[in-house]
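Reading through the structure tokens given below for one structure.
The values are calculated or read from the model by the stated rules, or taken from the named source; none is laboratory data. The structure displayed is predicted, hence computed values, not measured ones. For neighbour counting, all protein chains shown are included, and Cβ atoms are generated from backbone atoms with ideal geometry for every residue, glycine included.
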Amino acid sequence: MAGLASFTQVLIDTREAELPVTASQLATAGVPVFPCVPGAKRPLTEHGFHDATTDPSQVHRWWARWPEANIGVPTGQASGLVVVDVDVHSEADGYRWFGRANRAGLTIGWDVLVSTPSGGMHAYYPVASGTEQQRSWQAAAAGIDFRGDGGYIIVPPSVVQYEDSAVAYRLARIAGTPPRPVDASGLREFLDPHPSPAFRRTTRGPGREADVSRLASWVAARG
């Protein structure tokens, strides 16, 4: 397990790289990857994120077959990283809740922020030490998901295809301080102390540009 530092360094080194190059460098750095449908998030392999590997030969074969495949990375113990996924949709404003959690000291310690094609944000943290798993969960009413054990994330420079355009995941900011694990259970309790049944979200194309501006404003406000 390479961990978050190796992952972040590859993102920095491959900002202008093509998908096969980034996939190969992640695997070489010890970060397991697997291919997803071009322009989408669905795995291309039979067992999904369970097929993720650091074997350079297998990664080369996958991206030789599907050169436009998006890059998936399993979260949790498999990769050494977890993600707080901030979303904005008609039912919730994830940025507002992420900010509240940040002021409460619950989301500080991220290592890198990535802007997502829908106008949201992925905040990356190192996995907590010890053997206890941090399972993935959703706080739908707050517009925030946690991607830990049993989940996966799509990483830059992957692209999501909408009806009118294709939008990439982009490295937005790198922290200037050492990262710290996030208290996933404490964050969940803060966001959703009385979990309610999940509701269906709608995938939106229009309006995502405004949400990208939200990310830029949020980052700028924090120096």
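Would you say P117 is modelled with pLDDT of 95 or more, assigned to a loop (DSSP other than H, G, I, E, B) and surrounded by fewer than 20 Cβ atoms within 10 Å (Cβ to Cβ)? So P117 fails the test.
I71 - would you say it is under 30 Å from T107 (Cβ atoms), surrounded by fewer than 22 Cβ atoms within 10 Å (Cβ to Cβ) and either at pLDDT below 95 or within 18 Å of the chain's Cα centre (by Cα) (or both)? Outline the logic, then answer.
On the way: under 30 Å from T107 (Cβ atoms): yes; surrounded by fewer than 22 Cβ atoms within 10 Å (Cβ to Cβ): no; either at pLDDT below 95 or within 18 Å of the chain's Cα centre (by Cα) (or both): yes.
No; evaluated as a whole, the condition is false for this residue.
Residues in the range 153-170 that are touching a helix residue (DSSP H, G or I) at 6+ places or on another chain (Cβ under 9 Å) and surrounded by 18 or more Cβ atoms within 10 Å (Cβ to Cβ): V155, P156, P157, S158, V159, V167. Residues in the range 6-60 that are modelled with pLDDT under 95 and either of a type in the set (K, R) or in contact with a strand residue (DSSP E or B) (Cβ under 8 Å, 6 or more places away or on another chain) (or both): 1 in all. For beta carbons closer than 7 Å, sequence separation of 6+ or different chains, a first residue in the range 89-101 that is in contact (Cβ under 8 Å) with a residue 60 or more places away in the chain and a second that is among the charged types (D, E, K, R) and assigned to a helix (DSSP H, G or I), the qualifying pairs are Y95/R214.
For the range 65-77, what are the residues that are touching a helix residue (DSSP H, G or I) at 6+ places or on another chain (Cβ under 8 Å) and either of a type in the set (S, T, N, Q) or over 21 Å from Q161 (Cα atoms) (or both)?
Initially, the range 65-77 is screened for residues touching a helix residue (DSSP H, G or I) at 6+ places or on another chain (Cβ under 8 Å), giving 67-74.
Answer for the range 65-77, where residues must be touching a helix residue (DSSP H, G or I) at 6+ places or on another chain (Cβ under 8 Å) and either of a type in the set (S, T, N, Q) or over 21 Å from Q161 (Cα atoms) (or both): N70, P74.
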